[in-house]
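Encoded as structure tokens, the structure appears first; notes follow it.
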Amino acid sequence: MFGLSKKKFDEIHIDRELVEEIKDIARESYPLEFSAMLQGKIKDSILKIEGLIFLPGAASESGAVMEIFMMPMLSDAVGSVHSHPGYSAEPSGADLQFFAKRGYFHIIISQPYNDDSICGYDSFGELVNYTIV
Ligand SMILES: [Zn+2]
């Protein structure tokens, strides 16, 4: 699992409060997308997602992720999160390009912005399991 990542981990844990925050922001941003980087660390083979890093100009009607793509990599950013105004959490072509270049774990949250509409992807755009802790 995650064999091509530079850092190794076997599990992904996302803080419950962070999940609630992501759902709230996605709802408030609708019909716009919101996007942010995920802050976290790898400890004891677990990738722990603990916070969001907001970047200026990250909310837009489209191409939100591509704006982040222009930003320099932040040292403790381990991935990204963005919302889709719609019921599909499928990564777009632009999303996949971004995933491949930035971090290990990427979240897309689609409508209705609940726990079940959150999908986690690796840098190849493959669905990965995570645990809300
Ligand atoms: Zn997207």
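A few points about this structure:
- Two-site label geometry, TYR87 and GLU20: point separation in nm, points 7 Å out along Cα→Cβ: 2.8
- Here the spin labels are modelled as points 7 Å beyond Cα on the Cα-Cβ line, and at GLU28 and SER45 they lie 3.9 nm apart.
- Ranked packing of 119-126, 106-113, most packed first, by mean Cβ within 10 Å: 106-113, 119-126
- Ranking of ASP10, ASP15, ASP95 by count of other Cβ atoms within 10 Å, fewest first: ASP10, ASP15, ASP95
Where a number appears in this text, it was derived from the coordinates with a stated rule and is not lab data. Note that the structure is predicted; figures quoted are calculated from it, not measured. Positions of Cβ are generated from backbone atoms using ideal geometry, with glycine treated the same way; all protein chains shown enter the neighbour counts.
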